[in-house]
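Beneath this line is the structure, given in C-alpha cells, with notes to follow.
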Amino acid sequence: MKHIGIDVGGTNTDAVFVRDDQVLGAVKSPTTSDVTTGVRRALAALIQACPEAGNPDAVMIGTTHFTNAVVQRRDLEPAAALRVCLPAAASLLPFCDWPEDLAQKVNGGTYLVQGGHEFDGRELMPLDEKAVRDAARAIRASGVSTVAISGVFSPLIGTAELRAGEILLQEHPDCRITYSHQLGRIGLLGRENVALLNATLIDLAHKTTDAFVQALADSGIRAPLFLTQNDGTVTLAENARDFPVHSFASGPTNSMRGAVFLASINDAVVCDVGGTTADVGCVQNGFPRQANNMVEVGGVRTAFRMPDLLSIGVGGGTLVDPQTLQVGPVSVGHRLLEEALVFGGKQLTCTDIAVAAGLADIGDRSRVAHLDPAMVRGALARIHEAISEACDRMKSDAREVPLIAVGGGSVLIPDHVPGFSEVVRVPNHAVANAVGAAIAQVSGEVDQIFTNLGREELLERARAIAVERAVAAGADADTVTVIEQEDIPLAYLPGNAVRARVRVVGEIAGRAH
C-alpha cells in the first residue's frame, strides 16, 4: 500500500506519503485562495522530499472548500426544490428554516407535487407526472440548472423521486439533480435541506474535483483520486463530485483517524489544534462518533451523517488581546506567516504566546522577548482552560480516557487535562489530518425502515445494501466488514417496523493489505 494523503485546511495544506502503514514523508504548505495551487505546491514539496511519492497507488484529498462555501456564502448556485408530497407535508415549505441571507442567495424556486409513500412503502398518492412536467418547464424557463428532489419517506423507497427525476431530465436535459434519498435520513425537512445544500454546491464540486485531477496530472501522478468524507472514509472522486456534502467536516475526521492510527489507540478523545480552530471529537473503535441529532451547517439544520464535533476558536493563528487576555475567535488564518509577531508581523497570536512561553521554537523568538511574562502566563491559562473545557464536554461518561493531541498548534494543549488518563503526543502530530486521509478506507451505509421482516433477515438485507454501496464507492468486496450496526423497533408504527442502520468499511479495490 502506497498512498498520498492531502488535507486542505484553512491555514495549511498538508501532504504525507504512507507506505505499509509507515509515514515516509510529510510536508506543510500554506493554503492558497484557489486551493489547488496549494495542493500542487504541497505535492511538489512531498515528491522532492520523498521521490517514491511520485508513484503512489492512490491519492486521498480532504478539503474544507465546500463547508467554507456555505459558511461564507460564496460560489453557490441557485437550486430549485421539487418536493413529492401532496396532499401531505405542505405546511412547511422548502427553505423555510434557512438563514434569510442564504435562502435569498440560493432559492431557485419551490415546487410541491402530488405523490410519495407511507412509512411502510405503500404509495401515499400516485405521482402527478403532469405537475412534475410543468414544474420542470418552469425551472428551465427560470434559468435554474440544479434541482433537489425530495419525497415523503423516500429513504424507504425512492421510486417517486427517481421517476420525477426522469421526467425532469426529459424537459430540462441540462439540469443536475440531487435525490434526497441518496443523502439523508428519514426526517423530511432535514433531508431536504441536505439535498438542497448539495445541489447548490454541485457546480463548485465538479470544478474543484476537476482542478484536483489536473493538479495530480501536473505533478506527474497517474494514481486514482479519492476524496475524504465526514465518516472517516473515502470515495472515488467521480462519486464525490456529485455528493459534496459528504465532505462537510471531513478535515477534523481525518485528524481523528490519523491520531488514533499514530497513537495505536482505538478509543480516545482527540483534540486537533490547527491554525484557526481546535476541533474535539470522540473516537470509538477507530472511527469518529457520529452525531445522532440535527447538525447545523452554515445555519442550515441537516439530517444526515455528520461527526459529533465541538470546535472552538483557538488555533495557532488566533488573535490574543494583550490588555483583556481575550483569546479569539478571530484568526489570521493562512496569513500567520505574515502577521504573527514571531514572523515579523504586528498581530499577537496564540503562536506568539506559545513561543514566548517556551512551548514552541518557530520564527524569531527575539520578536516576543518584550512581552510581559504575566500577560503570557495569563493568556496561556485562558487557552488551556478553553481547550480543557471543550475536551471534557466531548466525553460520553465519567471514565478517564486518553486525550490525543494533534495538529500544528497542539503545543497549546496542556500536558495534564482533568478527567483524562493521559495526554498522548504522537510523531507526525502536525500532519495527522493528512495521515488520516492516507490510511482511509471506503465505506457504505444504510439507514432505512424495514417492515414485516424478522430481525436477522432485515439486518442481512441492510448489510447487503451497505456492502453494495461500499463497492460502488471503490471498496474491495472481499475486505468489507461491518463496523456499526443497530436496529430500533418502532413500536408506534404498525407492520413490525424496524429502523436499521448499518455501516461497513473496506480497503480500496485492488489495493487491500
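Things worth noting here:
- Listed here are the helices (runs of 4 or more DSSP H) enclosed by the range 122-221 that have at least 3 residues being touching a residue at least 40 places away in the same chain (Cβ under 8 Å), open to solvent by less than 50 Å² (accessible area, probe 1.4 Å) and small (Gly, Ala, Ser): 188-218.
- Looking only at residues in the range 446-480 that are in contact with a helix residue (DSSP H, G or I) (Cβ under 6 Å, 6 or more places away or on another chain) and outside any helix (DSSP H, G or I), the one that is farthest from residue 228 (Cα to Cα) is 450.
- Figure legend. Inter-residue proximity from the range 260-277: first residues without any contact (Cβ under 8 Å) to a residue 24 or more places away in the chain, second residues among the aliphatic types (A, V, I, L, M), beta-carbon distance below 8 Å, spacing 6+ or different chains. Indicated pairs: 266/260; 266/283.
- No other residue among 258, 220 is over 17 Å from the mean Cα position of the chain (by Cα), at pLDDT 85 or above and more than 30 Å from residue 85 (Cα to Cα) apart from 220.
- Restricting the first member to the range 97-112 and to residues that are of a type in the set (A, V, I, L, M), and the second to residues that are open to solvent by 50 Å² or more (accessible area, probe 1.4 Å) and in a strand (DSSP E or B), the beta-carbon pairs closer than 8 Å and six or more apart or on different chains are 112/86.
- Matching residues, the range 258-283, being among the β-branched types (Val, Ile, Thr), surrounded by 24 or more Cβ atoms within 10 Å (Cβ to Cβ) and part of a loop (DSSP other than H, G, I, E, B): 276, 277
- Segments classed as strands (runs of 3 or more DSSP E), wholly inside the range 1-112, with at least 1 members that are modelled with pLDDT under 90: 2-8, 12-19, 22-30, 58-63
- Residue tally, condition in contact with a Ser or Thr (Cβ under 9 Å, 6 or more places away or on another chain) and either of a type in the set (Val, Ile, Thr) or open to solvent by 50 Å² or more (accessible area, probe 1.4 Å) (or both), over the range 384-402: 3
- Here residue 381 passes the criteria (1) at pLDDT 95 or above; (2) open to solvent by 30 Å² or more (accessible area, probe 1.4 Å); (3) within 28 Å of residue 28 (Cα to Cα) except the one numbered (3).
- Answer from 59, 84, 106, 70 - the residue that is within 30 Å of residue 507 (Cα to Cα), open to solvent by less than 10 Å² (accessible area, probe 1.4 Å) and within 30 Å of the chain's Cα centre (by Cα): 59
The values are calculated or read from the model by the stated rules, or taken from the named source; none is laboratory data. These numbers come from a predicted model, not from an experiment. No Cβ is skipped: glycine too gets one built from the backbone with ideal geometry, and neighbour counts run over all protein chains shown. We work out accessible area using only protein heavy atoms, side chains counted, and drop any ligands, DNA or RNA first. Shrake-Rupley method; radii C 1.70, N 1.55, O 1.52, S 1.80 Å.
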